[in-house]
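Worksheet: one structure, shown below.
The values are calculated or read from the model by the stated rules, or taken from the named source; none is laboratory data. Keep in mind it's a predicted model, so treat the numbers as computed, not measured. So basically every Cβ, Gly included, is an ideal-geometry build from the backbone, and we count neighbours across all protein chains shown. Just the protein is used for accessible areas: all its heavy atoms, side chains included, with ligands, DNA and RNA removed. Shrake-Rupley method; radii C 1.70, N 1.55, O 1.52, S 1.80 Å.
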Amino acid sequence: MVSFDAVSDEDGVVTLAVETVSKVVWGWFDPSTGAFVQLTLLDVAAPPLTALRTATAFQADGGAPLRVALVLQRDTTDRLDVRTGTAFSTPSGAYAVPAGPSCAEPAALLGSVGLVSAAGAYSRGPYSLSIGFLPDRLAIRSEQFWEVVATDGQHRLLRAWFRATCGAVPVQEIHVEPPVRTDLADDPRFSLALPRADRSLLVFDTRTGTRMESCRSCESGADGGACPAAFDRSTTGGLMVASRHDGARVIGARRNASNLLELVERDLSTDCDSPWTVLATAPDSSSAVAWQAAMFGRKPGLLYSTASDVRVYVP
């Protein structure tokens, strides 16, 4: 056990990637039984990896739905693997957005992914836009809205969002936020959540060791222009957040004063300064090394790693 990454799609199916000393174990938790199913094993060319990232989405156009998931191994030579339904592929992009085609991408096929180049150019079929940087983390609300974040050698917070406006003449844009913070850690340990409301929540580490929550509203502007200033506050316990895919709520996982992991929840429907509510505490989790929150179907839960394995807690 070296590292892991996990994410749940809009249907509550959790995709998990676990890095061992020589392989990445890629699997998911079966939505009908809850059992972990190994999908495939990926070779690690030069272990350990610099970073391991997963992303997933549930694509549907009124016909047969598709689950699309990706695993990105960041190393001397990056490797991107995508699973569409039951088919595997290794596209040439440096990153991929597994959300389905937006309403402004009618010529793109169901099951396609948006590819991002190392320079931050987004493309899907004949459509192209500029992100301007290579994403580190992605959060998806729907085919019409997603957000990406990263940092650079100047410790800046890089943040951009994609929005499609549907109508008689659909249009789409990627809005890149001007960097407003230049104090991020070399590894900010980004965690990003998009509730089904006009807000997003980002958590990251600064160079001084403070972990910050940054909440903001973006898509309500009629012209999709500049976002209002983010509301930032410090947080504790190594907080990691995730989308709940239910109203304006987000979930999180953090270590408490008793050295145990607790599952928490926030409602962002009113403002960005709402408190966290503790939903449950994971017993016997004092040996946790890293953790993430995720939705298992309609139930919030958390995954955490120890020195030897990955464990799941769903209260």
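Considering each residue of the range 237-250 in turn, none proves to be among the hydroxyl-bearing types (S, T, Y) and more than 17 Å from S8 (Cβ to Cβ). Among the numbered conditions (1) at pLDDT 90 or above; (2) exposed (fewer than 15 other Cβ atoms within 10 Å of the Cβ), the only one that D223 does not meet is (1). Meeting the requirement of 3 or more residues that are of a type in the set (A, V, I, L, M, F, W, C), the strands (runs of 3 or more DSSP E) wholly within the range 224-306 are 240-243, 249-255, 261-267, 277-281, 290-296. Each residue in the range 105-140 was checked for being more than 25 Å from R67 (Cβ to Cβ), surrounded by fewer than 19 Cβ atoms within 10 Å (Cβ to Cβ) and aromatic (F, W, Y), and 0 pass. Confirm whether S89 is open to solvent by 30 Å² or more (accessible area, probe 1.4 Å), among the hydroxyl-bearing types (S, T, Y) and modelled with pLDDT of 95 or more. Taking the combined requirement at face value, the residue satisfies it. Within the range 153-195, restricting attention to residues that are under 17 Å from S217 (Cβ atoms) and small (G, A, S), the residue that is surrounded by the most Cβ atoms within 10 Å (Cβ to Cβ) is A193.
Put simply, of L41, L49 the only residue that is touching a Lys or Arg at 6+ places or on another chain (Cβ under 7 Å), closer than 22 Å to M1 by Cβ, at pLDDT 95 or above and outside any loop (DSSP other than H, G, I, E, B) is L41. Look at the range 101-124: where a residue is under 19 Å from T56 (Cα atoms) and without any contact (Cβ under 8 Å) to a residue 40 or more places away in the chain and a partner is β-branched (V, I, T) and not in a strand (DSSP E or B), sitting 6+ places away or on another chain with Cβ atoms under 8 Å, you get V116/I131; R124/V113. Open to solvent by 70 Å² or more (accessible area, probe 1.4 Å) and in contact with a strand residue (DSSP E or B) (Cβ under 9 Å, 6 or more places away or on another chain) - does that describe any residue in the range 239-257? No. Evaluate the following for R233: is it among the charged types (D, E, K, R) and over 30 Å from S286 (Cα atoms)? For R233, the condition - among the charged types (D, E, K, R) and over 30 Å from S286 (Cα atoms) - is not met. Selection within the range 17-38: residues that are part of a strand (DSSP E or B) and among the aliphatic types (A, V, I, L, M). The member of this set that is surrounded by the fewest Cβ atoms within 10 Å (Cβ to Cβ) is V37. Selection of the range 279-311 for residues being of a type in the set (A, V, I, L, M) and either open to solvent by less than 70 Å² (accessible area, probe 1.4 Å) or touching a residue at least 40 places away in the same chain (Cβ under 8 Å) (or both) yields A280, A282, A288, A290, A293, A294, M295, L302, L303, A307, V310.
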